[in-house]
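Worksheet: the structure to be examined is printed underneath.
Please treat every number below as a calculation from the coordinates, not as lab data. Being a predicted model, the structure only gives us computed values, none of them experimental. So basically every Cβ, Gly included, is an ideal-geometry build from the backbone, and we count neighbours across all protein chains shown.
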Amino acid sequence: MTRRIIFYSASLLLILAVCLVFSLCIGSVPIPPGDVIKALTGGGNARMAGIINEIRLPRALFAILVGGMLSLSGAILQALLKNPLVDPFITGISSGAAFGATCAIMAGASGLVAPSMAGAALAMFIVYRISISSKTLNVTRLLLGGVMMGSFFSSLIMLLNALFSKDLVKVVFWLMGDLSNIDAGLLPYGVAASLAAIIAAVYFANDLNIMTTGEDEAKSMGVKVEFIKALYFIIAGVLTAISVALSGVIGFVGLIVPHVVRAVTGPDMRIMVPCSFLAGALFLLASDTIARTVFLPSEIPVGVITGLIGVPVFIYFMMKGRA
Amino acid sequence: MNYFEAKNVGFSYGRGGFSIKNINFAMEPGETIAVIGPNGAGKSTLMKILARLTPGYSGEIFAEGKNIKAMDSAALARVISYIPQSSEHGFDFTVEEIVSMGRRPYTGPDGKLKPVDIAAVKGAIEEIGIYEKRKAKYNELSGGEKRMVLIARAMAQATPVIFMDEPMTYLDIHHQSMLMEAIVKMNNSGKSVLLISHGINLASEYSSRVAVMKGGEFAAFGTAKECVTENIIRDVYGFENFDIADNPRTGKPNVFIGPGNNPESAAPKIAEL
Amino acid sequence: MSGARPIKMSYTRDQAMFTGFSDSTYVILPENPLRVFKIFFNGAVFISFIFFAFILRAEIITDDMGRRVEVNTPVESIVSLSPADTEIIYWLGLESHLTAVSLNCDYPLAVRGLDRVGSFLNPDIEKIAAYKPDVVISGGGIQKKIMKKLEKFKIPVLVLYPRDIDKGMVKDMTIIGGLAGDFSNVKSRIKEYIRYLKDASAAPDARQFRVYMEIWGQPVMAVGGKSFINDELKLAGGKNIFAGSKIEYPKISPEEVVKLNPDVIILLYKPEKNFKDRPYFKLTKAGENNNIYVVEDPDSVLRAGPRIPAGVKQLRDILDRAADK
């Protein structure tokens, strides 16, 4: 078991490292790998180093973090809700975050991270309260509550758009997801949150496995069911909230990546946790690199690429599974 | 010491709803108690309460002499294991993985299996006879095979008390007999089994005592001979056209029903084996 | 200086006389012989149509979408759905004819007392129809879908959005000015606009800076070659580094800004506190020389209305500050 975890994780980590270096080489100004390494280690031409260290590297790292967080969140929610068709936005938390950001855009504010987190926290709180019935967290109500709150916040966003149509384009673009202009100072927070989430999620991962066979059965085997539900809901929620606050709503990552990972590694969450994170990081890094280079000088919204690549890959794995 | 004891256990679904009351019994090592009764009598609800899966009961329940109310969940899981009537497994775990989950009370949250755990899992799989299927996906098995896997899991959990909710449902004859064999083995090794059964005759044959439940209470509790009687069966199930005769091979009372029993009664027609 | 361009419009002679801007030439089409022939050819119906049209002085105005719209001039009641066109109406002194505006019309302050008929994106058709205006002025774009509905109420809709800040603006001001009939005040205001624009512009021999203009930061959107803001920059003495883009406001890769290395960066919105620390700013000449500026009053730059000269002046002041460094 541990061997499998190490094998899969190490492979993904290796591929990720290679993709990272590759992605640092391409952009408006192509930079050969040698120079990239030089820039990373503190040498090289100042402007090149600036492009690598100040623009491309932070962006790539955010792609890795956000991709990993969304994917891990999706994997957790799929296990919690026992439904492989769930994506992290089903909890309504992303719509809450988007609502917070929309309010901020319309109020003319430019810092969108704090308002998004506030909106996400609000949504999470409401959904959590809805899901509690007779002091236990009811997973069906969680799902319903999440879908309802998601729709509710989306309607609020559309209302704001209708009333204050001036900023419609900005809101639409933000909602489509964007990694191009995130404050690099937020990187340490993202890394800390991701690490904390991975560690907590892996430690109790086997209990989550057991819960997918049934709540009563899990309880009868000694799993602290209420604790596990609350813990994983919070982990998934916080990861989603941070992702949306940093980069808007990037779709498909949280739905597709866990699916593909599960097809390769099996459903054991002890493997799925690190591998979903790494695979999601890889997927989003690749998608974002494509989005920012294929149509230069323009950039395509990264959510477009995750959909265009993700869906065919997903269908391929689905068909393969059938056979 | 009794492995399991219920004293004045009751439960109510809230104002004027269905309620369970006056449940009193104790289980001895190596015995099987079957709970029978018509639909809606409260059998499954009772089992869940006794396994501490439903909170909010009145009265006291003791496992290995300790009150289960305050017991730590892992400690309780080392005493009672529970096999539900049906379960939906969301994902494709293998048989081996499912049975390994039964060791949770001994491994803690990280689920790391020590040699003793691995041995217990292997033992359970072999004991039940599903060794060839151990790498198969649980969701791809037949109903009977799935049930056997859950039994193996309960065995791996190595508890002195095992609860089974209608384990015979969906089982073909072959697996039914395998199941009965497994229960006998459990009894022989000193474990007690509490099972809910729709089959009066099966209950009669394979249990040492029977509890007949109706309307949330025990209408009768004792040996099969004491409980499978004309009066009790008529009273509890509302049958008219039936006979009770002893199985010539085992001496246990069996119920034979004819047609024409009140179709509106809540009791299902007992399928003869 | 540009030659006569055959334009499919018909002005009255009065209007054509007051354009007075030496760089453009408006051509009054001669009576098209084919048209005259058609009129005669179609006989009595046509003659009586023209007779009644003359009586009611209906005009056919070609708007910025090329639509030929029939409006009964002089108009008494105008509804404006476009903030820029509302500003033009006030600039030309025709606000007494303005009945209602959109929610987005916020300048000048006097407009606050007016009734509102929905937002720019979502005009309230019923309310507009209830006012029975003689003409509705629309900013086009997403408002196109309401045009058919208003036409059903027999309300003419003129779509006016100037494509450039000199000829296009004058043309639209002329059209709007002509709606009210009395042209004397209007022509002087139009001339004033042109003069202000000239005054705000940089001298032709002024130093030309390469400028990056950003219209939004998340995602990063630049001012492209097709936008009229591009023209404002040109007058102010700047060269837009994204002038080659065929889109008005392209969503660009921040690295492109680093690659094109502008001398000056101008933000047309209020950014976050430490916007100067953005990596793709710091790595340019503009960043190195601290030539990153935020426009004080973005609307005058962003809105294609009579405040454009103020917008150009802002841009020019910024470039002057950069030149002084």
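I'd like to know which of A:VAL302, C:PRO74, A:LEU137 lies farthest towards the positive end of the charge dipole of the protein assembly as shown, counting +1 on Cβ of Lys and Arg and -1 on Cβ of Asp and Glu.
It is C:PRO74, whose Cα lies furthest towards the positive end.
Which aspartates and glutamates have a Cα lying under 18 Å from the Cα of C:LYS325, excluding residues fewer than 8 positions away in the same chain?
Qualifying aspartates and glutamates at Cα under 18 Å: C:ASP263, C:GLU288, C:ASP317.
Provide the packing ranking of B:238-246, B:96-104, i.e. peptides ordered by the mean count of other C-beta atoms within 10 Å per residue, highest first.
My ranking of the peptides, most packed first, is B:96-104, B:238-246.
Extension gain B:LYS225-B:ASN2, at 0.36 nm per residue separation less the Cα-Cα distance, in nm?
78.0 nm
Over all residues in B:87-98, what is the mean tally of Cβ atoms on other chains that come within 10 Å of each residue's Cβ?
For this peptide, the per-residue mean of nearby foreign Cβ atoms is 6.
Using a/c under 1.5 as the rounded threshold, could you call the stretch C:93-170 rounded, prolate or oblate? The axes a ≥ b ≥ c are square roots of the C-alpha gyration tensor eigenvalues, and prolate needs a/b larger than b/c, oblate otherwise.
Judged from the Cα gyration tensor, the stretch C:93-170 comes out oblate (a/c at least 1.5, b/c at or above a/b).
Let's test the formula: R0 of 35 Å, r as the Cβ-Cβ distance of C:LYS144 and C:ALA323. What FRET efficiency results, to the nearest 0.05?
Result of the calculation: an efficiency of 0.25.
Regarding the stretch C:185-252, what's the average projected area of the Cα-atom convex hull, expressed in nm²?
Averaged projected hull area, Cα only: 5.7 nm².
Place a +1 charge on the Cβ of each Lys and Arg in chain B and a -1 charge on the Cβ of each Asp and Glu, then give the dipole magnitude about the Cα centre in debye, rounded to the nearest 20.
The calculation lands at about 760 debye.
Going through the cross-link list C:LYS259/C:LYS285; B:LYS48/B:LYS112; B:LYS137/B:LYS185; C:LYS226/C:LYS273, which pairs have a Cα-Cα distance over 19 Å in this structure?
With Cα atoms farther than 19 Å apart: B:LYS48/B:LYS112; B:LYS137/B:LYS185; C:LYS226/C:LYS273.
Over the stretch C:60-197, calculate the relative contact order: mean separation of alpha carbon pairs under 8 Å at least 6 apart, over the residue count, as a percent.
Contact order relative to length: 28 percent.
So how do A:253-264, C:60-71, C:237-248 stack up, highest first, on mean other-Cβ count within 10 Å?
The most tightly packed comes first, giving A:253-264, C:237-248, C:60-71.
Nearest 10 degrees is fine. How inclined is helix B:173-188 to the longest principal axis of chain B, computing both from alpha carbons?
Helix B:173-188 and the main axis of chain B meet at about 80 degrees.
What net charge do the residues around B:ILE118 carry, taking every other residue with its C-beta under 11 Å from that of B:ILE118, with Lys and Arg at +1 and Asp and Glu at -1?
Working: positive: B:ARG103, B:LYS112, B:LYS114, B:LYS122; negative: B:GLU96, B:ASP117.
Summing Lys and Arg as +1 and Asp and Glu as -1 gives +2.
Hey, got the average number of other protein chain Cβ atoms within 10 angstrom for residues in A:256-269?
2
Quick one: dipole size for the stretch B:107-237, taken about the Cα centre, charges +1 on Lys/Arg Cβ and -1 on Asp/Glu Cβ, in debye to the nearest 20.
Charge dipole of the stretch B:107-237: 460 debye, to the nearest 20.
Rounded to the nearest 500, what is the 222 nm mean residue ellipticity of chain A from helices alone, with -39500 (n - 2.57) per DSSP H run of 4+ residues and division by all residues? Don't skip to the end; give the middle numbers.
Values: 15 runs with 239 residues, N = 323.
Taken over chain A, the calculation gives -24500 deg cm²/dmol.
Could you work out, residue by residue across B:99-105, how many beta carbons of other chains sit within 10 Å of that residue's beta carbon, and then give the average as an integer?
Mean number of neighbouring Cβ atoms from other chains: 5.
Normalising by the residue count of chain A, find the relative contact order in percent from Cα pairs under 8 Å and 6+ residues apart.
Values: 486 pairs, mean separation 94.5, N = 323.
Reported relative contact order: 29 percent.
Provide the percentage of antiparallel DSSP beta bridges, counting only those with both residues in the stretch C:203-324; round to the nearest 5.
Percentage antiparallel, nearest 5: 30.
Would you mind computing, in nm to one decimal, how far apart the modelled labels at A:ALA114 and A:VAL18 are, each placed 7 Å from Cα along Cα→Cβ?
Simple spin-label model gives 4.4 nm for this pair.
For B:HIS198, C:HIS97, what ranking results if the residue with the fewest other Cβ atoms within 10 Å of its Cβ goes first?
Ascending Cβ contact count within 10 Å gives the list B:HIS198, C:HIS97.
Report, to the nearest 10°, how far helix B:143-156 tilts away from the longest principal axis of the Cα atoms in chain B, using its own Cα long axis and a range of 0 to 90°.
Approximately 60 degrees, to the nearest ten.
On a full-extension model of 0.36 nm per residue, what is the gain between A:LEU163 and A:ILE37, subtracting their alpha-carbon distance, rounded to one decimal in nm?
40.3 nm
For the stretch C:60-197, please report how many Lys pairs fall under 21 Å Cα to Cα, leaving out neighbours fewer than 8 apart on the same chain.
20
Provide the gained length on full extension for the span C:GLU192 to C:PHE153, in nm with one decimal, where the gain is 0.36 nm per separating residue minus the Cα-Cα distance.
Numbers: separation 39, 0.36 × 39 = 14.04 nm, distance 3.69 nm.
Taking 0.36 nm per residue and subtracting the Cα distance, the gain is 10.3 nm.
Within 11 Å, Cβ to Cβ, of A:VAL223, how many net charges do the neighbouring residues add up to if Lys/Arg are +1 and Asp/Glu are -1?
Taking every Cβ under 11 Å from that of A:VAL223, the sum is -1.
In nanometres, what is the gap between the two model label sites at B:SER12 and A:SER134, each 7 Å from Cα along Cα-to-Cβ?
With each label placed 7 Å out from Cα toward Cβ, I get 1.4 nm.
Once the dipole of the protein assembly as shown is set up with Lys and Arg at +1 and Asp and Glu at -1 on Cβ about the Cα centre, which of B:SER208, C:TYR280, C:TYR269 lies farthest towards its positive end?
Farthest along the dipole direction, towards plus: C:TYR280.
Rounding to the nearest 20 debye, state how big the charge dipole of the stretch C:203-324 is about its Cα centre with +1 on each Lys and Arg Cβ and -1 on each Asp and Glu Cβ.
180 debye
Considering Cα pairs under 8 angstrom that are at least six residues apart, work out the relative contact order of chain B and quote it in whole percent. Intermediate results must be reported in sequence, preceding the final value.
Working: 522 pairs, mean separation 66.1, N = 273.
Dividing the mean separation by the residue count of chain B yields 24 percent.
Within the stretch A:2-322, how many lysine pairs that are 8 or more places apart, or on different chains, have C-alpha atoms less than 15 Å apart? Present the calculation step by step, with values, prior to reporting the outcome.
Details: A:LYS82/A:LYS229; A:LYS135/A:LYS224; A:LYS135/A:LYS229; A:LYS219/A:LYS229.
Going through the stretch A:2-322 pair by pair, I get 4.
At C:ALA206 and C:ALA310, where each label point lies 7 Å from the Cα along Cα→Cβ, what is the point-to-point distance in nanometres?
1.8 nm
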